[in-house]
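I have placed the structure first, in the form of structure tokens, so that the comments after it can refer back to it.
Bear in mind that the values in this text are calculations on the coordinates, not laboratory data. Quick caveat: nothing in here was measured; it's all calculated off a predicted structure. Neighbour counts are summed over all protein chains in view; Cβ atoms, including those assigned to glycine, are modelled from backbone coordinates with ideal geometry.
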Amino acid sequence: LSLLQKRMHKVLVKYLEQRSLRFLVDLEECQTVARQTSQKISIAQGQFSEEIQLILVFLQSISESSTTTKNAEKNKQTSPDATEVNE
């Protein structure tokens, strides 16, 4: 019985050592995936930032164009017409 217990103890110790090593490998794989994911997120954030800047420039150009058009229409309405001046 004692010999069987010694053998079982050795096998159990070996199993736990192997299991520990496997967990370390799994942990390293998870950390690698986490680093890759973080890099991908950083790249995506940079790309989104660039796209948002382009959208802002576009919206500003529309806003400026709209303001210019409104000002031109206002000037047209407030300035006397050439035909009205002659009358």
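Note the angle between two axes, namely the Cα long axis of helix 2-78 and the longest principal axis of the Cα atoms of the chain, as a number of degrees from 0 to 90, rounded to the nearest 10.
0 degrees
What are the semi-axes of the equivalent ellipsoid of the chain, taken as the square roots of 5 times the eigenvalues of the Cα gyration tensor, listed largest first and rounded to whole Å?
With the √(5λ) rule applied to the chain, the semi-axes are 83, 9, 4 Å.
Could you check the spin-label model distance between residue 48 and residue 75? Points 7 Å from the Cα along Cα→Cβ, value in nm.
Modelled inter-label distance: 4.2 nm.
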